[in-house]
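Data first, discussion second: the structure below is written as structure tokens.
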Amino acid sequence: MLKYFVMTVEAMVLAAVTVGTVRGFVFLTDERRGKLAGAIGAGVGFVAAAVMAIMKNATTRIDTSLWNLRIFTLTMVLSLALIVFGIFRKKKIPAGAVYICGGLITALMIFYVLPDVLAYPYLILLTEKSVLSTGFLLKCVGIVFGIILILVAQSAIYNGTVRLSSWTAYGVCTAVLLINAARQFCAVLGIMLNKRMLEKLDKDLKHDIFELVKFSSNNSNMFVYAAVIAAMTVPAVLWVKSLRAREPYDNPAQKRKLRKKWRVTRTYATLMLCCLIFGMVTFTTLDAVANREIPLSPVEDAKIDSGYVVVPFEQVDDGHLHRFAYVTENDIQIRFIVIKKPNSSAYGIGLDACDVCGETGYFEKDGQVVCKLCDVVMNIQTIGFKGGCNPIVIPYEIRDGQIFVPIEGLLENEKMFRNNRMRS
């Protein structure tokens, strides 16, 4: 659950900050038209994202990188246009251009980030057996909580931005748009390099572009941190304004109205600050917890005899997960697991790898066998059978109180473990 919560927040937080500040600034330009443009943009973006999610997972016609290239390029152009038109927003034509650009940016940001999030349940089903399984439901709960946090954060940023002065909102919006444009510019260069669209450039220039793309890719979170820090100026300004507010009033009713206004302003400022701080915590602490490296239990000794790896019953009859391996002539370690099934004399035997997640392996937690990569809990009774995230089935024989795993059967899966080359 935590892993998918973190994935959802990481995928959408920059879009939430961008959409919130853009919608707020557009609203201040023209309240009625600006609000309508933001709502229409959000609706169009959601519908387009849903269609894209279906197309990505139901067909092979979608080239994601090319679509991202188009989305990023158009978003950058619209962002620069919004910044320019925003300077002259008091005039009729630039004002109209502001809320049109704002609505389109809102739609494009949602269109970019949401398809992958909407596809998470489909990806989970590749490893889970049913939508009613505990693992599937818990992971979907994590996705839902992540979406709720993003929606609350976006709403708080929007409601905070609309309480700023027009020029302060313009400054925050401009900073966030430029940060997002810088990130998208680096991503566009990366796509163009991968698609060999820059082959005619000078070799040194291509090398410089590659280094820039590599740096931005390895430090992609810096754009999110920068945008969050820029957005934090909104609650800071609102708190300062609320503490310094000395607006005149003619009667007690007006005084109560003013006090309520600034109380609501502080509430949105506090909510926005909490959401942004929690987003930063998600990117750092929670991400480290969700993606922490779980060490596999050590490989146990097993006898090699007449082309078989031989495991005696007494070595594996305690009901816990046991890991064994055979090292090939190419110094590649092929691992397999053995576990005695509960309330049974049968054993679950299979490779320490699956067709979905590769050779990342399994570990035991609270009496359950868990896939290290996707956190799917195995039904121990089904280990040894094909399907889902179950260990890859291997041939074996049981005789004379021992398990005989043929080396020939293990060698058929040597490519699966090619990254497990032993080091002398």
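Since every read-out is calculated from the coordinates, none of them should be taken as a lab result. Nothing here was measured: the structure is a model prediction, and the numbers come from that model. All Cβ positions, glycine included, derive from the backbone under ideal geometry; neighbour counts span all protein chains shown.
Overview of values
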item: For the range 2-112, the fraction of alpha-carbon pairs in successive 10 Å shells from zero, as %; result: 15, 41, 30, 12, 2
item: Residues Ile294 and Lys206, FRET efficiency given R0 of 60 Å [Cβ-Cβ distance, rounded to 0.05]; result: 0.90
item: Charge dipole magnitude, Cβ of K and R +1, D and E -1 - the range 1-57, Cα centre, debye nearest 20; result: 80 debye
item: Size descriptor, Kirkwood hydrodynamic radius, that averages inverse alpha-carbon separations across the range 97-151, Å; result: 13.0 Å
item: Filtered trypsin sites (Lys or Arg not before Pro), the range 58-107: DSSP coil and at most 15 other beta carbons within 10 Å; result: Arg61, Lys90, Lys91
item: Cross-link pairs beyond the 28 Å C-alpha cut-off, checked among Lys195/Lys386; Lys303/Lys341; Lys92/Lys241; Lys139/Lys365; result: Lys195/Lys386; Lys92/Lys241
item: Cα pair distances exceeding 17 angstrom across the range 3-58, given as percent; result: 53 percent
item: Dipole magnitude of the range 303-417, debye to nearest 20 (Cβ charges: Lys/Arg +1, Asp/Glu -1, about Cα centre); result: 300 debye
item: Degrees between helix 64-87 axis and first principal axis of the chain (Cα, 0 to 90, nearest 10); result: 20 degrees
item: Spatial separation of Cα centroids for the range 199-216 and the range 1-65, in angstrom; result: 31 Å
item: Length-normalised contact order for the chain - Cα pairs under 8 Å, 6+ apart - percent; result: 16 percent
item: Cα-based helix-to-principal-axis angle, 31-58 vs the chain, degrees rounded to 10; result: 20 degrees
item: The chain: radius of gyration over Cα atoms, expressed as a fraction of 2.2 N^0.38 Å; result: 1.27
item: 0 to 90° range, to nearest 10: angle between helix 203-218 axis and the chain longest Cα axis; result: 80 degrees
item: With at most 16 other Cβ atoms within 10 Å, longest stretch of the chain clear of loop GluC sites (Glu not before Pro) (DSSP); result: 1-198
item: Part-to-part distance (alpha-carbon centres) for the range 129-178 and the range 347-385, which is given in Å; result: 34 Å
item: Calculated FRET value between Phe215 and Ser65, using beta carbons and R₀ = 22 Å, to 0.05; result: 0.70
item: Footprinting exposure proxy for Arg266, Arg196 (fewest neighbouring C-beta atoms within 10 Å first); result: Arg196, Arg266
item: Angstrom value of the Kirkwood radius, inverse mean 1/r, which spans all Cα pairs in the range 303-417; result: 14.2 Å
item: Extension gain, His320 back to Val356 (0.36 nm per residue minus Cα-Cα distance, nm); result: 10.6 nm
item: Per-residue Cβ neighbour rank within 10 angstrom, fewest leading, Ser216, Ser306; result: Ser306, Ser216
item: More than 22 angstrom apart: percent of Cα pairs within the range 351-424; result: 30 percent
item: Computed helical MRE - 222 nm, the chain, DSSP H runs ≥ 4 contributing -39500 (n - 2.57), nearest 500; result: -20500 deg cm²/dmol
item: Label-to-label distance, nm, for residues given as Trp167 and Lys415 (7 Å Cα→Cβ offset); result: 6.6 nm
item: Pairwise label distance in nanometres, Lys257 with Ser242, each label 7 Å out on the Cα-Cβ vector; result: 2.0 nm
item: Exposure proxy ranking, count of Cβ atoms within 10 Å, fewest first, for Cys101, Cys389, Cys173; result: Cys389, Cys101, Cys173
item: Nitroxide proxy distance, nm - points 7 Å out along Cα→Cβ at Lys195 and Lys92; result: 4.0 nm
